[in-house]
1. List pairs: first residue in the range 22-50 and more than 22 Å from Met67 (Cβ to Cβ) and touching a residue at least 40 places away in the same chain (Cβ under 8 Å), second residue buried (at least 18 other Cβ atoms within 10 Å of the Cβ) and not charged (D, E, K, R) anywhere in the structure, Cβ distance under 6 angstrom, at least six positions apart or on different chains.
2. So, in the range 43-59, exactly how many residues are out of contact with any helix residue (DSSP H, G or I) (no Cβ under 7 Å at 6 or more places or on another chain) and not in a loop (DSSP other than H, G, I, E, B)?
3. Please go through the range 12-42 and pick out each residue that is in contact with a Phe, Trp or Tyr (Cβ under 9 Å, 6 or more places away or on another chain) and not in a helix (DSSP H, G or I).
4. Identify, please: which residue in the range 102-153 is loosely packed, with under 12 Cβ neighbours inside 10 Å and in contact with a Lys or Arg (Cβ under 9 Å, 6 or more places away or on another chain) and is, among those, farthest from Glu85 (Cα to Cα)?
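The values are calculated or read from the model by the stated rules, or taken from the named source; none is laboratory data. Computed from a predicted model, the values in this text were never measured in an experiment. Virtual Cβ from ideal backbone geometry, glycine too; neighbours counted across all protein chains shown.
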Amino acid sequence: MSNSRNEYGLSDKQQVFCDLYRASDDPEILGNAKRCYQLAYGCKPESAEHNGPRLLKDENVAQYLEMKRTAAMKEADITEARIVEELACMAFLDPGEYYEEDGSLKKIHEMPERARRALQGLESTEVILGSGEDASVAINKKVKYSDKKPSLELLMKWKGMLKEKVEHSGSVGGVMLFPNDVSPEEWQRQHFQQPADQKGK
């Protein structure tokens, strides 16, 4: 490959890196700077681990990826309002909207749109009732809808109601979510520390 630059200011290898990073069909490569760099530059994993993330900070590479991301979102009509609306459908779903007053499941086209958008799947299984000539077949229908908690947490973070604190203590560590108007220390004290009058019992 030559060292010339294209209209976006990218070298041939940088272009390959960007194309792999944003549009690879392999989920292990898509968005993986290390793997993309290794494939584009033919280098060792150790070198790619350092240089892949660094290349993402290159001005021309960053501008190109942002340009493509913005264009893709515009083409798919992905807006902040639409994302928040979709999260709200999942977070504030009333499961009762899937059923008739007698408890039977509504036909999918009769469900409210907001309930359909939170729908993950429908299952139908045949159940044999009775035996012999008296046997009959009943259809058991199950509805699967989105978990509320992740959607609520995303909305609360978007609204600034939750903060994250990365914990490195212990053998594993992790991320703790807590209200925006409470410090991490106070939140831990309120929820995880044993009251003084119960210590030693």
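1. Qualifying pairs under 6 Å: none.
2. The total comes to 5.
3. Ile29, Leu30, Gly31, Asn32
4. Within the range 102-153, the match that is farthest from Glu85 (Cα to Cα) is Thr125.
A quick yes/no check of all residues on (1) modelled with pLDDT under 90; (2) within 30 Å of Tyr21 (Cβ to Cβ); (3) part of a loop (DSSP other than H, G, I, E, B):
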| site | (1), (2), (3) |
| --- | --- |
| Asp77 | yes, yes, yes |
| Gly96 | no, no, no |
| Val127 | yes, no, no |
| Val137 | yes, no, no |
| Ser151 | no, yes, no |
